[in-house]
């Protein structure tokens, strides 16, 4: 694929009016970021989902700021075209405006991200506005917000009542007014996701929120079948590389145990006349 110019937040915003769908996937390290960027995906999200699919935590709450900076830096080194969004982990932006700006700055300055993402609606709009005024682009995230999932009653679809729908629309408008360049809608009912999308002039990027958003994002490890602890209902698996990798490892183990590997072509050899001198 021919190398294209680096995408900006203005390019992403412009997709809303052009009608071109926005594609987004997660990456947490250099090799995956290389593959995703090469494929032409618009946005690479270094999500705090890395806590579960890479670090083995039970949820995303345990992820630290240092871990996010570390993984974002690895991703950024690989990317030439995609817009890199660094997730702000739980506790990194909700204690004070100063701390929020400080941590957002770390993701940009140390991590090399192009923008940051944080969870929350109108309650977090003042934080978003403060970060944006500091010169850092922000992507919002409403609906199912994993960092505060316990307050939502678990991993449940959002927007199932008129009251909840109105709240989501208010959240989206507040984030737009605060300066967000796009908003992730997670596990929002398809009908309400469409209403939210139509209510704002910035793009919505859905994950489990139906077809009417301005773009889609998935956790790459779910999409390719690498993470198998569970698979969300809204995930379409385009591959099951977990099975292929596991079989490759089993084959390697058998080859070593039966002395089939390494073979002659995998070995380095000294010249016969030199060997005689040893």
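The values are calculated or read from the model by the stated rules, or taken from the named source; none is laboratory data. All values reported here derive from a predicted model rather than from experimental measurement. Don't worry about glycine lacking a Cβ; one is built from the backbone with ideal geometry, like all the others, and counts go over all protein chains shown.
Tabulated values for the structure
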| item | result |
| --- | --- |
| Residue tally, condition out of contact with any strand residue (DSSP E or B) (no Cβ under 9 Å at 6 or more places or on another chain) and either under 26 Å from residue 80 (Cα atoms) or not in a helix (DSSP H, G or I) (or both), over region 109-134 | 3 |
| Options 19, 56: the member that is under 23 Å from residue 183 (Cβ atoms) and surrounded by fewer than 16 Cβ atoms within 10 Å (Cβ to Cβ) | 19 |
| Filtered residue count, region 181-191, keeping only those that are touching a helix residue (DSSP H, G or I) at 6+ places or on another chain (Cβ under 6 Å) and under 19 Å from residue 148 (Cβ atoms) | 2 |
| Residues (touching a helix residue (DSSP H, G or I) at 6+ places or on another chain (Cβ under 8 Å) and buried (at least 16 other Cβ atoms within 10 Å of the Cβ)) located in region 94-109 | 94, 100, 101, 103, 104, 106, 107 |
| When residues of region 22-45 are limited to those that are assigned to a helix (DSSP H, G or I) and in contact (Cβ under 8 Å) with a residue 60 or more places away in the chain, the one surrounded by the most Cβ atoms within 10 Å (Cβ to Cβ) | 36 |
| Members of region 1-21 that are assigned by TED's automatic domain parsing to the domain that holds residue 85, without any contact (Cβ under 8 Å) to a residue 12 or more places away in the chain and not in a helix (DSSP H, G or I) | 19, 20 |
